[in-house]
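Worksheet: one structure, shown below.
The values are calculated or read from the model by the stated rules, or taken from the named source; none is laboratory data. Note that the structure is a prediction, hence the values are computed from the model and not measured. We work out accessible area using only protein heavy atoms, side chains counted, and drop any ligands, DNA or RNA first. Shrake-Rupley method; radii C 1.70, N 1.55, O 1.52, S 1.80 Å.
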Amino acid sequence: MFDKLKDSISRFAKLGVADKTAVEALVKDIQRSLIQSDVNVKLVFELSKNIKTKALKDNLPPGLTRREHVVNIVYEELVAFLGEKKADINLEKQTILLLGLFGSGKTTTTAKIAKYYMKHGLTVGAVSCDTWRPAAYEQLKALGKQINIDVYGDAKQKDPVKIVKKGMAELSAKDVIIIDSAGRSAIDDELADELKKIDKIVDADEKILVISGDIGQAAETQARTFNELVGLTGVIVTKMDSSAKGGGALSACHAADVNVKFLGTGEKLEDIELYDPVRFVSRLLGMGDLETLIEKAKDAIDPEKAMDIMKGDFDLSSFYDQIESTKKMGSMSKIMEMIPGMSNIKLPKDMLDVQEEKMTKWKFMMDSMTKKEKTEPDILDRSRYERIAQGSGTRPEEVRDLIKHYNQTKKMMKKFKGGKMLKRGPMAKMFKGMMG
Ligand SMILES: Nc1nc2c(ncn2[C@@H]2O[C@H](COP(=O)(O)OP(=O)(O)OP(=O)(O)O)[C@@H](O)[C@H]2O)c(=O)[nH]1
Ligand SMILES: [Mg+2]
């Protein structure tokens with residue numbers, strides 16, 4: 001879905017100027033992509049109007065070029081358009097009812113989310129109350145076997161309500177019980193009646209509609225109808241991998257005011273991801289993957305310190321710490337690639353990439369420095385250089401080299417105005433994500 005967006009953005013990003021003509025061409029491209037993904041035309045026009053107005057009228061935030069500003073706006077508008085809310089998944093004891101039309105992916109999704117909850121340390125059981133589809137219970141049983149969960153069903157029982165009652169009792173020791181219900185080719189009275197009865201018995205904590213991405217903007221009506229029927233707590237959009245209309249379905253869910261919880265991205269049981277618009281749009285636009293970066297950064301970096309570094313606001317010891325933790329995440333330029341809107345920024349290439357051997361020496365040097373020397377390296381003079389070199393078994397030139405590297409990085413970071421970029425936009429979001 002939205003296949004061409006990435007190309008449009010990268011074409012735009014390569015342009016020398018980001019004037020009215022360029023913005024208009026970009027917006028046309030975006031429109032084309034969205035309409036191909038079956039996004040409602042009215043919504044497409046609203047979105048393009050927003051992008052155009054903001055891109056051309058907004059005052060340029062300090063530190064951003066017009067081009068970066070425009071890309072950032074496209075990014076933010078798309079996130080808002082698809083629903084800013086990241087899926088909110090409760091990891092407590094609960095019952096989940098999955099419902100939806102024929103072939104939308106309910107049974108597969110039952111097993112997929114079972115696996116997800118298990119990965120988060122919960123015990124899971126599933127109930128098949130689909131008395132419509134031939135061998136529905138067998139299908140779920142086979143999937144359950146793959147992930148080693150208990151599945152309750154009764155191929156002889158024709159009343160889904162009875163199956164659910166019994167299944168809930170059998171599986172009551174499980175943290176999470178997932179109920180796979182029957183579909184129909186359309187929402188008719190029979191299905192409505194059946195779902196209402198099941199809903200009454202189960203009183204599920206989550207009532208999730210499973211929609212196939214290939215229905216595109218028709219998802220809006222479908223989501224609204226099911227919502228009126230049972231009061232949905234969320235939607236899972238499947239087949240995002242195989243349908244060009246996934247984008248239409250997602251924006252339609254947002255328009256219907258239901259929250260997307262997961263996306264199905266393939267036939268295998270691990271092909272599911274938590275819906276996170278920031279991550280999703282970043283990837284769509286070829287602007288890297290913030291989530292991945294946040295995950296990595298959480299392990300490696302102290303966000304407060306990282307922020308100081310970006311602002312050029314650091315002393316020798318935090319400089320050293322930062323080089324060390326940045327190394328854990330990969331090179332600085334790699335990191336920048338993962339940040340939306342930042343991939344075009346020319347960072348002093350691999351300023352923070354220092355060879356291991358050099359790092360060890362630097363460590364010794366810093367051990368031989370006084371606290372004052374580390375916070376105010378400017379006080380270093382010839383005799384201090386010599387003393388530090390002697391204490392660390394290095395040469396004075398090598399100590400000078402460290403200081404030179406430190407000063408250069410500081411200067412570059414200040415010039416690159418990292419601090420200003422941290423106040424808004426994706427960078428700010430990333431750091432917020434790291435803190436949380
Ligand atoms: N490519 C792809 N295929 C999927 C995805 N989710 C489900 N499918 C496939 O869609 C088909 C229908 O999936 P089911 O899970 O049986 O759908 P269902 O809603 O339970 O169908 P009924 O029980 O007949 O109503 C199967 O072939 C699945 O492998 C997905 O995210 N991507
Ligand atoms: Mg099924």
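Working out 0.36 nm times the residue gap between GLN94 and LYS166, then minus their Cα-Cα distance, what length gain in nm do you get to one decimal?
Full extension from GLN94 to LYS166 adds 24.3 nm.
Is there a pair in LYS4/LYS54; LYS372/LYS411; LYS85/LYS245; LYS106/LYS162; LYS42/LYS197; LYS115/LYS196 whose C-alpha atoms are over 29 Å apart, and which pairs would that be?
LYS42/LYS197
Whole-Hz ³J(HN,Hα) for each residue in segment 81-89, computed from phi via Karplus 6.51 cos²θ - 1.76 cosθ + 1.60 with θ = phi - 60°, x for glycine and proline: what do you get?
5, 8, x, 5, 6, 6, 4, 10, 10
Using a 1.4 angstrom probe with every protein chain in place, what is the largest-first accessible-area order of TYR75, TYR137?
From most accessible down to least: TYR137, TYR75.
Per residue, how big is the convex hull around the C-alpha atoms of segment 94-280? Give it to me in cubic angstrom, could you?
104
Spelling out what I want: for every residue of segment 172-188, take phi, set θ = phi - 60°, compute 6.51 cos²θ - 1.76 cosθ + 1.60 (Karplus), and round to whole Hz; glycine and proline get x.
Values, residue by residue: 4, 7, 7, 5, 10, 10, 10, 10, 9, 9, 7, x, 9, 6, 8, 6, 10 Hz.
Using θ = phi - 60° and the Karplus relation 6.51 cos²θ - 1.76 cosθ + 1.60, list the HN-Hα couplings for segment 311-316 in order, rounded to whole Hz, with x at every Gly or Pro.
Karplus-based 3J(HN,Hα) across segment 311-316 equals 7, x, 10, 7, 10, 4 Hz.
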